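The values are calculated or read from the model by the stated rules, or taken from the named source; none is laboratory data. These figures come from a predicted structure and were not determined experimentally. Positions of Cβ are generated from backbone atoms using ideal geometry, with glycine treated the same way; all protein chains shown enter the neighbour counts. Accessible surface is based on the protein model in full, side chains and every heavy atom, while ligands, DNA and RNA are left aside. Shrake-Rupley method; radii C 1.70, N 1.55, O 1.52, S 1.80 Å.
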Amino acid sequence: MLSVPDALSVLLRALSLVLVLQAAGAALCLALFGRELADSLATARRLGSIAAASGAVCVVAHLALQAGRMAGDLSGMLDGSLLRLALTSTAGSASALSVLGLALIACALTARRTGVAVIGTALVTASFTLTGHTSVSPHRWILCLLLPAHLLIVAFWFGALPVLYLASLKESPARAARIVDRFSSVATWLVPGILLAGLALAALLVANLGVLRQPYGELLLAKLGGFALLMGLASLNKWRLAPAMARADPGALIAFRRSVAAELALIVAVLAVTAVMTTLFSPD
């Protein structure tokens, strides 16, 4: 049975992943498609800023909780020596870099400085290479290239979904259809990179196929299943719903919103699985 610190750590890790990648993805999406937005732009910027600020809070709370995990009890969070140990660890460095990147994203989106927000996104994704299995692997330098690339594409996809949903609500049907078509054109080339980079990461981190029969491997297979479902929804959006929106077919906008909501829910579920994997298990 999980201890209270471990259970809270998984929860905070999942929330951090959702909010951090949402903020980073919003910055990337607005950098690429912000000029296409009219009535939904201000709301998209505001949601990205809120995600960045909330994500920074979760990152700091997750780091503080590491002292509780070391003590085996939440009282460890009040132990100065354990807190200093957490702060001076690689997790502390990763958290500091992530918070810096999130602060840049929040401030830049509020001030309409999209370029600065993209710099913040680069810092956020780089922070993931400073801790975890990647940081101690003998293939560290290859992983330090693959992991940020993987995360940037995931963030772009994840962060674009609320923007597309807002566009379908607030923009004219013609403009919304044009934005969805532009996103689909870019995503068609980028999204398969999630699978390729993910498989390469797994090949470098997983020592042998026997791991697939252990909790880490079972969760990895669950992530692959979630990705397969996501690809099915993405294909539906590109080949059926986007053209239907362009033709102004009745019900196309509602069907598109439902599909986007399903994609969002699936990505959140995959990130929750990732939180369990990276917090409680090892590929070794």
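Brief remarks follow.
- Residue in the stretch 166-178 that is farther than 24 Å from residue 109 by Cβ, among the polar types (S, T, N, Q) and either modelled with pLDDT under 90 or part of a helix (DSSP H, G or I) (or both) present: no
- Test result for residue 138, of a type outside the set (Gly, Ala, Ser) and not in a helix (DSSP H, G or I): yes
- Each residue in the stretch 74-84 was checked for being open to solvent by 60 Å² or more (accessible area, probe 1.4 Å) and out of contact with any helix residue (DSSP H, G or I) (no Cβ under 7 Å at 6 or more places or on another chain), and 4 of them qualify.
- Test: residue in the stretch 146-164 that is open to solvent by 20 Å² or more (accessible area, probe 1.4 Å) and aromatic (Phe, Trp, Tyr): no
- Number of positions in the stretch 98-131 that are open to solvent by less than 40 Å² (accessible area, probe 1.4 Å) and not hydrophobic (A, V, I, L, M, F, W, C): 8
- Yes/no for residue 47 being closer than 21 Å to residue 156 by Cα and open to solvent by less than 60 Å² (accessible area, probe 1.4 Å): no
- The lone exception for residue 8 - which of (1) modelled with pLDDT under 95; (2) within 27 Å of residue 175 (Cα to Cα); (3) within 20 Å of the chain's Cα centre (by Cα) it fails: (2)
- Residue count, the stretch 85-129 (criterion: more than 25 Å from residue 33 (Cα to Cα) and over 17 Å from the mean Cα position of the chain (by Cα)): 10
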